Amino acid sequence: MGIYIKGIIIVVLILLPNVLFYIFPTQTAVPNLKSPPMFLTIIEQIGRMACLIVPIVLGKQIAEQRMSIFVILMGVCLLIYYVSWWMYFTHGREFVDLFSPLGFIPVPMAVFPSLYFLLLGIWLRSPYMIAPAIVFAIAHITISWNTYVQLYRMK
(Lines give C-alpha, C1' and ligand atoms only; values in the text may rest on other atoms or scores of the structure.)
Protein backbone atom coordinates (compact mmCIF):
# COMPACT_ATOMS: atom_id res chain seq x y z
CA MET A 1 0.00 0.00 0.00
CA GLY A 2 0.97 3.60 -0.29
CA ILE A 3 0.01 6.75 -2.08
CA TYR A 4 1.22 6.86 -5.66
CA ILE A 5 0.51 9.41 -8.35
CA LYS A 6 -1.25 6.86 -10.60
CA GLY A 7 -3.93 6.28 -7.97
CA ILE A 8 -4.45 10.02 -7.61
CA ILE A 9 -4.63 10.46 -11.41
CA ILE A 10 -7.32 7.77 -11.68
CA VAL A 11 -9.44 9.67 -9.17
CA VAL A 12 -8.76 13.13 -10.61
CA LEU A 13 -9.68 12.01 -14.15
CA ILE A 14 -13.16 10.98 -13.07
CA LEU A 15 -13.65 14.11 -10.95
CA LEU A 16 -12.62 16.72 -13.54
CA PRO A 17 -16.11 17.24 -15.01
CA ASN A 18 -17.54 17.57 -11.51
CA VAL A 19 -15.13 20.41 -10.77
CA LEU A 20 -16.35 22.17 -13.92
CA PHE A 21 -19.94 21.49 -12.84
CA TYR A 22 -19.24 23.19 -9.52
CA ILE A 23 -17.89 26.24 -11.38
CA PHE A 24 -20.61 26.17 -14.09
CA PRO A 25 -23.78 24.76 -12.48
CA THR A 26 -27.09 24.21 -14.24
CA GLN A 27 -28.71 27.29 -15.72
CA THR A 28 -32.22 26.00 -15.20
CA ALA A 29 -34.06 25.54 -11.96
CA VAL A 30 -33.98 22.09 -10.45
CA PRO A 31 -37.55 20.80 -10.61
CA ASN A 32 -39.36 19.60 -7.53
CA LEU A 33 -38.51 15.90 -7.58
CA LYS A 34 -39.23 13.15 -5.11
CA SER A 35 -36.05 12.41 -3.16
CA PRO A 36 -34.64 8.89 -3.25
CA PRO A 37 -34.87 6.85 -0.06
CA MET A 38 -32.33 8.08 2.51
CA PHE A 39 -30.73 4.64 2.89
CA LEU A 40 -30.03 4.55 -0.86
CA THR A 41 -28.45 8.00 -0.76
CA ILE A 42 -26.27 6.97 2.19
CA ILE A 43 -25.21 3.76 0.44
CA GLU A 44 -24.41 5.74 -2.72
CA GLN A 45 -22.24 8.19 -0.77
CA ILE A 46 -20.41 5.43 1.10
CA GLY A 47 -19.72 3.65 -2.21
CA ARG A 48 -18.63 6.92 -3.85
CA MET A 49 -16.23 7.84 -1.05
CA ALA A 50 -14.72 4.35 -1.04
CA CYS A 51 -14.32 4.46 -4.85
CA LEU A 52 -12.44 7.73 -4.52
CA ILE A 53 -10.26 6.73 -1.58
CA VAL A 54 -9.37 3.11 -2.41
CA PRO A 55 -7.46 3.91 -5.65
CA ILE A 56 -5.30 6.37 -3.74
CA VAL A 57 -4.63 3.83 -0.99
CA LEU A 58 -3.94 1.08 -3.55
CA GLY A 59 -1.62 3.39 -5.48
CA LYS A 60 1.35 1.04 -5.28
CA GLN A 61 -0.70 -1.86 -6.67
CA ILE A 62 -1.92 0.40 -9.49
CA ALA A 63 1.64 1.52 -10.22
CA GLU A 64 2.79 -2.12 -10.44
CA GLN A 65 -0.05 -3.33 -12.68
CA ARG A 66 0.56 -4.11 -16.32
CA MET A 67 -1.51 -2.56 -19.05
CA SER A 68 -4.54 -4.67 -19.94
CA ILE A 69 -7.83 -4.57 -21.79
CA PHE A 70 -9.43 -3.32 -18.57
CA VAL A 71 -7.39 -0.12 -18.69
CA ILE A 72 -8.48 0.41 -22.29
CA LEU A 73 -12.11 -0.15 -21.30
CA MET A 74 -11.67 2.30 -18.42
CA GLY A 75 -10.43 4.81 -20.98
CA VAL A 76 -13.48 4.18 -23.16
CA CYS A 77 -15.77 4.69 -20.14
CA LEU A 78 -13.96 7.90 -19.30
CA LEU A 79 -14.23 9.13 -22.88
CA ILE A 80 -17.99 8.45 -23.03
CA TYR A 81 -18.39 10.10 -19.62
CA TYR A 82 -16.55 13.17 -20.92
CA VAL A 83 -18.73 13.20 -24.07
CA SER A 84 -21.82 13.16 -21.84
CA TRP A 85 -20.48 16.10 -19.87
CA TRP A 86 -19.53 17.88 -23.11
CA MET A 87 -23.13 17.52 -24.26
CA TYR A 88 -24.32 19.01 -20.96
CA PHE A 89 -21.90 21.96 -21.08
CA THR A 90 -22.51 22.77 -24.76
CA HIS A 91 -26.31 22.42 -24.77
CA GLY A 92 -27.27 25.08 -22.26
CA ARG A 93 -26.39 23.33 -18.98
CA GLU A 94 -29.96 22.31 -18.29
CA PHE A 95 -30.67 20.07 -15.31
CA VAL A 96 -32.43 17.48 -17.46
CA ASP A 97 -29.26 17.03 -19.55
CA LEU A 98 -27.51 15.50 -16.54
CA PHE A 99 -29.80 12.49 -16.90
CA SER A 100 -30.46 12.40 -20.65
CA PRO A 101 -29.60 9.24 -22.58
CA LEU A 102 -26.59 9.19 -24.86
CA GLY A 103 -27.92 7.35 -27.88
CA PHE A 104 -29.35 4.10 -26.56
CA ILE A 105 -27.49 4.36 -23.24
CA PRO A 106 -29.67 5.51 -20.33
CA VAL A 107 -28.23 7.83 -17.64
CA PRO A 108 -24.67 7.71 -19.03
CA MET A 109 -23.38 10.06 -16.34
CA ALA A 110 -24.21 7.35 -13.82
CA VAL A 111 -23.40 4.26 -15.89
CA PHE A 112 -19.90 5.17 -17.05
CA PRO A 113 -18.27 6.30 -13.81
CA SER A 114 -19.74 3.18 -12.21
CA LEU A 115 -18.23 0.98 -14.93
CA TYR A 116 -14.94 2.88 -14.66
CA PHE A 117 -14.61 2.01 -10.98
CA LEU A 118 -15.77 -1.57 -11.49
CA LEU A 119 -13.23 -2.09 -14.29
CA LEU A 120 -10.54 -0.63 -12.04
CA GLY A 121 -11.40 -3.21 -9.39
CA ILE A 122 -11.35 -6.03 -11.93
CA TRP A 123 -8.02 -4.82 -13.35
CA LEU A 124 -6.53 -4.77 -9.84
CA ARG A 125 -8.28 -8.01 -8.88
CA SER A 126 -9.14 -6.21 -5.67
CA PRO A 127 -12.26 -6.97 -3.66
CA TYR A 128 -11.50 -3.72 -1.82
CA MET A 129 -12.28 -1.88 -5.07
CA ILE A 130 -14.87 -4.22 -6.58
CA ALA A 131 -17.18 -4.25 -3.55
CA PRO A 132 -17.57 -0.46 -3.22
CA ALA A 133 -17.79 -0.12 -7.00
CA ILE A 134 -20.75 -2.50 -7.05
CA VAL A 135 -22.40 -0.71 -4.12
CA PHE A 136 -21.84 2.66 -5.79
CA ALA A 137 -23.06 1.43 -9.18
CA ILE A 138 -26.29 -0.04 -7.85
CA ALA A 139 -27.17 3.01 -5.79
CA HIS A 140 -25.96 5.68 -8.23
CA ILE A 141 -27.63 4.18 -11.29
CA THR A 142 -30.86 3.53 -9.37
CA ILE A 143 -31.01 7.11 -8.07
CA SER A 144 -30.15 8.58 -11.47
CA TRP A 145 -32.68 6.37 -13.25
CA ASN A 146 -35.36 7.41 -10.75
CA THR A 147 -34.56 11.07 -11.43
CA TYR A 148 -34.61 10.47 -15.20
CA VAL A 149 -38.05 8.80 -15.00
CA GLN A 150 -39.45 11.67 -12.94
CA LEU A 151 -38.07 14.23 -15.40
CA TYR A 152 -39.44 12.27 -18.36
CA ARG A 153 -42.91 12.19 -16.79
CA MET A 154 -42.83 15.99 -16.38
CA LYS A 155 -42.48 16.53 -20.14
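Numbers for the structure displayed
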quantity	calculated
Local electrostatic count, Trp86, Cβ distance below 12 Å [Lys/Arg +1, Asp/Glu -1]	0
HN-Hα J in Hz across segment 63-80 - Karplus 6.51, -1.76, 1.60, θ = phi - 60°, x for Gly and Pro	4, 8, 6, 7, 4, 8, 4, 5, 5, 5, 5, 4, x, 5, 4, 5, 4, 5
Per residue accessible area of segment 22-83, 1.4 Å probe, in Å²	66
Cα gyration tensor category, rounded, prolate or oblate, for the chain with a/c compared to 1.5	prolate
Label point distance in nm, Lys60-Phe104, each placed 7 Å from Cα along Cα→Cβ	4.5
Extension gain (nm, one decimal) between Met49 and Trp86, 0.36 nm per residue minus Cα-Cα	10.9 nm
Carbon + sulfur, % of accessible area of the chain - ligands and nucleic acids excluded, 1.4 Å	73
Modelled FRET efficiency - R0 22 Å, Leu79 with Asn18, Cβ distances, 0.05 increments	0.85
The chain, relative contact order [Cα under 8 Å, separation at least 6], %	32
Euclidean distance of C-alpha centroids, segment 116-132 and segment 72-90, integer Å	20
Long-range amide H partners of Leu58 with built H, under 5 Å	none
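The values are calculated or read from the model by the stated rules, or taken from the named source; none is laboratory data. This is a predicted model, so every value here is computed, not measured. As a convention, Cβ positions derive from the backbone with ideal geometry for all residues, glycine included, and neighbour counts pool all protein chains shown. Side chains included, ligands, DNA and RNA excluded: accessible areas come from the protein's heavy atoms. Shrake-Rupley method; radii C 1.70, N 1.55, O 1.52, S 1.80 Å.
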